[in-house]
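Accompanying notes for the structure given below.
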Amino acid sequence: MKVHLTRRYHFAASHRLHLTDCSDDENRAIYGKCNNPHGHGHNYSVEVTVSGPVDAATGMVCNLADLDGFSNKEIIERFDHTNLSMMPLFEGKVPTTERLCVEIYDIYNKGFKHAHLEKVRIEETAKNSFEYTG
Ligand code: NI
């Protein structure tokens, strides 16, 4: 018996979508307003889904304290109120939310050992969301 557990977290961060090898006109054509030189911010909503058997004693897939502890330390503290474009993690890469989703998946995949990672989903705006399943 396998059950999925999804938990949602929030952080705020800014970024600028800009390719250094392209001209200003090309960047505007590719990224539109997201290429604004001063950057812009998002209130990101991150949903992480883990799965596993229901523990016979606790009745749980995983202890939420473990998931919250990991998420706060490794995701929220790392990304909240940052400028993603300035982070070494995205050096030489445009910090789109597609890439943020993959990076956050990799952080859980490497570090969270209390349940099986299924998926990371990020809502960037009310209209956009991204999912990565590895
Ligand atoms: Ni944006």
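What full-extension length gain, to one decimal in nm, is calculated for Ala57 and Met1 as 0.36 nm per residue of separation minus the Cα-Cα distance? Display every interim value, and only then the final one.
On the way: separation 56, 0.36 × 56 = 20.16 nm, distance 1.45 nm.
So the chain would gain 18.7 nm between Ala57 and Met1.
Calculate, for Ala29 and Phe130, the FRET efficiency according to 1/(1 + (r/R0)^6) with r their C-beta to C-beta distance and R0 22 Å; round to the nearest 0.05. Working shown, then result.
Values: r = 22 Å, r/R0 = 1.00.
That gives a FRET efficiency of 0.50.
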Percent accessible area from carbon and sulfur atoms, the chain, protein chains only, probe 1.4 Å: 50 percent
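Determine the relative contact order of the stretch 2-132: mean sequence separation of Cα pairs under 8 Å and six or more apart, normalised by residue count, in whole percent.
Numbers: 199 pairs, mean separation 43.6, N = 131.
That works out to 33 percent.
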Lysine pair number, Cα distance threshold 22 Å (strictly under), the chain, separation 8 or more or different chains: 11
Nearest 10 degrees, 0 to 90: helix 97-111 Cα axis against the chain principal axis: 30 degrees
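The values are calculated or read from the model by the stated rules, or taken from the named source; none is laboratory data. Not measured: the values here are computed from a predicted model. So basically every Cβ, Gly included, is an ideal-geometry build from the backbone, and we count neighbours across all protein chains shown. Surface accessibility is based on the protein's heavy atoms, side chains included, excluding ligands, DNA and RNA. Shrake-Rupley method; radii C 1.70, N 1.55, O 1.52, S 1.80 Å.
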